Each structure stands twice: as C-alpha cells, then as structure tokens.
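**Student:** Before I ask anything, here is the structure I am working with.
Coordinate-derived values only; no laboratory data. Remember, predicted model here, so these are calculated numbers, not experimental data. Neighbour counts run over all protein chains shown; Cβ positions are idealised from the backbone, glycine included.
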Amino acid sequence: MIRYGVLLLLSLSGAAGQQPIIYPGGVVNAASLAPAGTPGSAVAPGSLVSIFGANLANVTMAADGTPLPLVLGGTSVTVGGIPAPLLFVSPGQINAQIPWGVVVIFSDPVAVTVTTAAGVSQPAQVRVTSSGLGIFTLDGSGCGRGAVQNVDADGTVSLNSPENSAEPDGIVTLWGTGLTTVYSKPPDGEPAPSDPPTESYMVPGAYLYDTPTGVRWGGLAPFLVGVAQFNVWLRPLFEGCAVPLRVSLLGSMSQPVPVSIRRGGGACVDPPPDSYGSLTWTRAVTIGSTTTTRETFAAEFPRAVNLRLPAYTEPVGEHGLPPSETPECAWTQPAVVDAGALMIMAPGVFSQVVARGAGGKYEVALPPGTIRSGRFSVTSPGGAGVGSFRTEVHAPDPITVTSEFSPDTVFGTAPVTVAWSGGSPDSLVQVAIYSNYYGQRRRLSQVVRASAGQVVFGFPPYGLSIPWGSRLEIVVRQMAPAPGTFEASGLTLGGRHTVVYEVRFTDLHRW
C-alpha cells in the first residue's frame, strides 16, 4: 500500500485547548520527509506534504474517502490562504495536499497555517516550487526501500526487494509525489482518473547513481490523490542490492531510493566494492561577525559498491549548479576502512601521528601557521583495509583576497567582483556564491587560474537566479592545478592528496 509519510500517533494528553504550533522546518515533502535544502525536500502544488508540530489536532483521524475533506477532526489547513485537502490529522502530524491553485513565486514563500478549535497557528513560511519530487518508501521514513515495483515483460508486477531483483534493461515503477507538469489537473482532493490516465507533458529524468536512464511514462497515479507514477527503464550498467535510483524534473531532484538489480532476477548479488583514499590539508578563514582561522588535516578511506572518486574540481569556467548535498539516509553512506595510524609532516619541523577517529575518519586540528607553501607528507604503516603507503604534495603559494565583504553586506542587481593578488599563478581558484532562501540552497560558481586575479558574477539575466531576501556566503577556495596521487593495496581507485586554502565571507544578503 502507498503510505503518505510517517503516521505518528502521538499522545492526546494536553493537546486540547492549546494553540496549534508548526515546528520550524516542519512542513516537508510527504514522500521523502527530507529536511529543507536536501534532495527530495521540495514541495509543489498538488503534492502531498507532512506537517509536524504540537497541538495540531484534538483527535487522530484519517479521511475515509474522496474527495478529501477540508476539515478533519476539527482541524483545517491553509496554504497561501487556500484550504488544503486533508488525508490524516493527529496532535503531532498532519498529512495534506497542497492545493493546485497555490501560486509559485520564486522570490516569495507561502504561508501555511493550521486551525483548530483552540485557534490558528503562527504561519510557517514554506518555499513552494514548480516541481517537488519525492519517492515514497515502504517504511514511511523517506530513507528505506523505495515503493518500487518490478514490471515483467508480460505486464505482471511485483515488489522490488533484495530477494526479488529487477532485470537490467527492464522496467520498474516508482511511486512518489510532486509531479506538476500534467495535462489535466484533477480538482483538489480528488483522485486522478484512470481512463485516460493523467500524463505529464514533460518527460522526467531518472538516474542510476549519477548516470541518466530513461522514464518511459510519468503521470498521476490513477485512483490516488497527489501521488505520481514513474515507469523507469533500467539502463543495463549497474547490478547490486542497493543501486540508488532517483527522478528529476524542472530542477527538482528526488531523494535516492535503493533498487535491487540482477540479470536473471531473483536474489541480488553485490559486485566487489571499490575504495579510495582522500588526504586533505585545509586552512579555512571565516569572516563574519568575527574572524576565525582553522587549520586541519583530514583523511578518509571509503569503500562501497560502484564507488567513484569525486571530481577534483569543476573545469575552468562558469557554473550554475545547486550545491552538492550529502543525503542523510544511512544506506547512502559508504563504509570506511582502516589505514592504520598516519604520520603527517608539514613544512618545517612539525610532525604528528593521527589515529583513526569515530566513524572511521581521521581529523586533527593543526597549530596556526602550519599550512603554507611547501611540501607536506603522509606515511601509513597500513591497516585492516589499506596497505602501507607514503605520499607527498606541494602546496602552492597562497593568494590574498583583496575584496572586502563585511557582515550584513547587501547585494542588489550590480555585478559582484571577487578579487585577489599573488599566489602561484597556475593554481586553481574556485569562487562560489551560496544562497539560502527558506532552506532552498543554490550556487553560482566560477573556476579560474590564480593569474586571472578576479571573477565577476552577474545576476539575471546572466547566471543563476538568486532570490531577493536570500542569505549569502561567498567562498574562495584555492588549490594546486592537479592533486597529488598515490597508490596502496586495498585502494582500487587510488588516492588523492591535496592542500586547500579557503576564505569564507558569511552573513551577507541580497535585497
């Protein structure tokens, strides 16, 4: 059965007679339940949302049919002033549909309120987007096995699981929410028709890992309210027990869900895992209400099926991309292996032994002035998962950022120039502007050689739009033109060794 988010049946005691409260960040995509700013967190007109808070209802009650009611157990919800159809209410959670008529305005949030006999909640400001895809999970957590069905050549369907894998080059059906690009929208609170089904006029994208695959059909699921259906072709490139699959449309990317894939079907079998090493020396200066400098050494040795060594940096040029976000679901995180205690040496006479820490990662704070131009080395005796190695890397001469951005600097429509002087001329400098607008994060980024001396960002009509009212950060990151590399037994992808200088300006705004 399709589950509309987690149905938390909380105690009723103390709820009656108290004003309803929506928790900060408490309005989320009902399929992914993802916190704002992470994959799958967007919400859109017609989609299903879960509202978390206190005193949201005096009873626990689910709608007993369609069309869905606008008042359930004495509780009602408005989104942008429009009454929202209700699937479920309880003191701690409400599941509702965002009305199709909510207007999407990129620069303005939408107010969500809950009303009970005790009064009206303070409005929660929610960013409603033109597409807000999330995939339902079988355990209702947003992080478990996806609501995914294998579709056989004869049309029969069965639940995808580690014991019942899908065929490479086959079709699976995903169930989610947040699909807005449909030819005919059913009335609020009413199920989508089956004859004919409500089809999307834009073909969604789908990805196995980061590799595009195909969506053969996308539309609203017949007989259900606010639920989307995606029939996805599995490009025959990957097999395994938890191949991450996600869908996207109009810049909205769902959270990944694990799908089992094996030629011939049946119980899944994971291919041998890959692994790599990452060694990073970082000097980070943060300029905001106060200025702080932190110097660190960090290392990790992840291992996972179909693991890939991340790109060293973006290519030279301008990039308009959402920022990289690490999904919070535990199954997406690779295991880490042991390389033994690491001996690190920095320019001069500084040396230190770094032990493997909690979570399997290595990290240590370094004395001020440790990270500067010169040669750094790391030596490992080897551990349970990695053989012995020794590697060196040369840090470039650091640049000096000459642009000044004080806290509460306000940017309008004029171009923003970030300038610097000095530094090894062939080193790479990445300058990024990060925006945060009610949990929706975006990024403008440019990568140049240090010899360029500056980058200039133009707001619309050039570059990625950043909404008015956003909080901003400007990050200047410098590194050598190529990383140091090393090899060790157990690291199928080898290792990377680099030094990073970073300057971060915080507490900036765009008005």
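**Student:** Which whole-Hz couplings ³J(HN,Hα) result when phi for each residue of the range 155-172 is put into the Karplus expression 6.51 cos²θ - 1.76 cosθ + 1.60, θ = phi - 60°, listed in order with x for Gly and Pro?
**Tutor:** With the stated coefficients, the range 155-172 comes to x, 6, 10, 8, 6, 6, 7, x, 8, 9, 6, 7, 7, x, 6, x, 10, 10 Hz.
**Student:** Compute the whole-percent fraction of alpha carbon pairs in the range 137-261 spaced more than 27 Å apart.
**Tutor:** Result for the distance tail: 14 percent.
**Student:** Can you give me the Kirkwood hydrodynamic radius for the range 272-511, using every pair of distinct Cα atoms, in Å to one decimal?
**Tutor:** With all distinct Cα pairs of the range 272-511 included, I get 19.3 Å.
**Student:** Quote to one decimal, in nm, the extra length available between residue 293 and residue 120 on full extension: 0.36 nm per residue of separation minus the C-alpha distance between them. Don't skip to the end; give the middle numbers.
**Tutor:** Numbers: separation 173, 0.36 × 173 = 62.28 nm, distance 4.60 nm.
Here the answer is 57.7 nm.
**Student:** For residue 364 and residue 349, compute 0.36 nm times the residue count separating them, minus their Cα-Cα distance, and round to one decimal in nm.
**Tutor:** 3.7 nm
**Student:** Then there is this: Which distance in nm do the two modelled labels at residue 235 and residue 502 give, with both placed 7 Å along the Cα-to-Cβ direction?
**Tutor:** 3.0
**Student:** Something else: In the calculated pair distance distribution of the chain, what percentage of Cα-Cα distances lie above 43 Å?
**Tutor:** Considering the chain, 26 percent of its Cα-Cα pairs are separated by more than 43 Å.
**Student:** Also, I was wondering about something else. Quick one: order 493, 48 by neighbouring beta-carbon count within 10 Å, fewest to most. It would help to have the intermediate numbers written out before the result.
**Tutor:** Working: 493 15, 48 28.
Neighbour counts put them in this order, fewest first: 493, 48.
**Student:** Stokes-Einstein diffusion coefficient for the range 216-272 at 20 °C in a medium of 1.002 mPa s, Rh from the Kirkwood formula over Cα pairs: what value in µm²/s?
**Tutor:** Rounded to a whole number, D works out at 161 µm²/s.
**Student:** If R0 is 41 Å, what FRET efficiency do you get for residue 103 and residue 421 from their C-beta distance, rounded to 0.05?
**Tutor:** For R0 = 41 Å, the calculated efficiency reads 0.30.
**Student:** Here's another thing I want to ask about it. With only Lys, Arg, Asp and Glu charged, each at its Cβ (+1 for the first two, -1 for the last two), find how big the charge dipole of the chain is about the Cα centre; round to the nearest 20 debye.
**Tutor:** Its charge dipole is roughly 760 debye.
**Student:** Could you work out the pair-distance distribution P(r) of the range 37-189 from its alpha-carbon pairs, with 10 angstrom bin width and percents rounded to whole numbers?
**Tutor:** Using 10 Å bins, I get a P(r) of 10, 34, 33, 16, 6, 0 for the range 37-189.
**Student:** So, one more: For the range 241-258, what does the Karplus curve 6.51 cos²θ - 1.76 cosθ + 1.60, with θ = phi - 60°, yield as ³J(HN,Hα) per residue in whole Hz, taken in order and with x for Gly and Pro?
**Tutor:** In residue order, the calculated couplings are 8, 8, 6, x, 10, 9, 10, 8, 6, 6, x, 9, 10, 6, 5, x, 10, x Hz.
**Student:** Given 149, 125, 402, which one lies farthest toward the positive end of the charge dipole of the chain, if we put +1 on the Cβ of every Lys and Arg and -1 on the Cβ of every Asp and Glu?
**Tutor:** 402
**Student:** If neighbour count is taken as other Cβ atoms inside 10 Å, put 202, 479 in order from fewest to most.
**Tutor:** Ordered from fewest to most neighbouring Cβ atoms within 10 Å, 202, 479 come out as 202, 479.
**Student:** Starting from the 7 Å offset along Cα-to-Cβ, what nm value, one decimal, do you get for the label separation of residue 452 and residue 169?
**Tutor:** 4.4
**Student:** Something else now. For the range 21-134, what does the relative contact order come out to in percent, with C-alpha contacts under 8 Å and a separation of six or more? List each step's numbers first, then the result.
**Tutor:** Working: 303 pairs, mean separation 35.2, N = 114.
Computed over the range 21-134, the figure is 31 percent.
**Student:** Taking 10 °C and 1.306 mPa s as the conditions, I'd like the Stokes-Einstein D for the range 57-96 in µm²/s, using the Kirkwood hydrodynamic radius from alpha carbon pairs.
**Tutor:** On the way: Rh = 9.9 Å.
Estimated via Stokes-Einstein, D reaches 160 µm²/s.
**Student:** At a 10 Å Cβ-Cβ cut-off, how would you order 386, 49, 353, fewest neighbours first?
**Tutor:** 353, 386, 49
**Student:** Any idea how far the Cα center of the range 145-212 sits from the one of the range 407-429, in Å?
**Tutor:** If you average the Cα positions of each part, the centres end up 45 Å apart.
**Student:** Moving on. Determine the relative contact order of the range 272-511: mean sequence separation of Cα pairs under 8 Å and six or more apart, normalised by residue count, in whole percent.
**Tutor:** This gives 25 percent for the range 272-511.
**Student:** Follow-up question, since we're still on this one. Subtract the Cα-Cα distance of residue 139 and residue 185 from 0.36 nm times their separation in residues, and report this length gain in nm to one decimal.
**Tutor:** 13.7 nm
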